[in-house]
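One structure is given below, encoded as structure tokens.
The values are calculated or read from the model by the stated rules, or taken from the named source; none is laboratory data. The shown structure was predicted, so the numbers you read here are calculated from the model rather than taken from an experiment. Glycine also receives a Cβ, built like all others from the backbone with ideal geometry; neighbour counts cover every protein chain displayed. Just the protein is used for accessible areas: all its heavy atoms, side chains included, with ligands, DNA and RNA removed. Shrake-Rupley method; radii C 1.70, N 1.55, O 1.52, S 1.80 Å.
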Amino acid sequence: SDAICRALRCVEESPPEGVAIPQLASAAHLSVSRLKARFVREVGIPPGEYLLRHRIQRAWRMLQAGGHSVTKGAFATGFSSSQ
């Protein structure tokens, strides 16, 4: 749907540390509860899990590009530790 596409675009255009679910809901022009329900129905996973996976992918790409330690990549993508 257009709403979920707007939310996914918001994730892609977000800063490296990510975006919060209320911001996604705002971008999609939906309430948080409506976003969560539609997101699971259309994407297959909850938005929180999607956001976590996206941040992990960004950290992984930083590591693959070189020049970043695991710790630096973790902090740059909004994680509080390299664990």
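Just a few scattered comments:
- Entry comment: accessible area of the chain is 62 Å² per residue, from protein heavy atoms only and a probe of 1.4 Å.
- Only one item in [x] 26, 11, 11; [y] 21, 14, 11; [z] 26, 17, 8 matches semi-axes √(5λ) of the Cα gyration tensor in Å derived from the coordinates shown, and that item is [x].
- For the chain, modelled as a GNM whose springs connect Cα atoms under 10 angstrom apart, the maximal fluctuation among 45, 21, 56 occurs at 45.
- Scanning the chain for long hydrophobic helices, with DSSP H runs required to stretch 18 angstrom or more by C-alpha along their axis and to average at least 1.0 on the Kyte-Doolittle scale, returns nothing.
- The chain - percent of accessible surface contributed by carbon and sulfur, probe 1.4 Å: 55
- With K and R counted +1 and D and E -1, the other residues having a Cβ less than 10 Å from that of residue 30 yield a net charge of +4.
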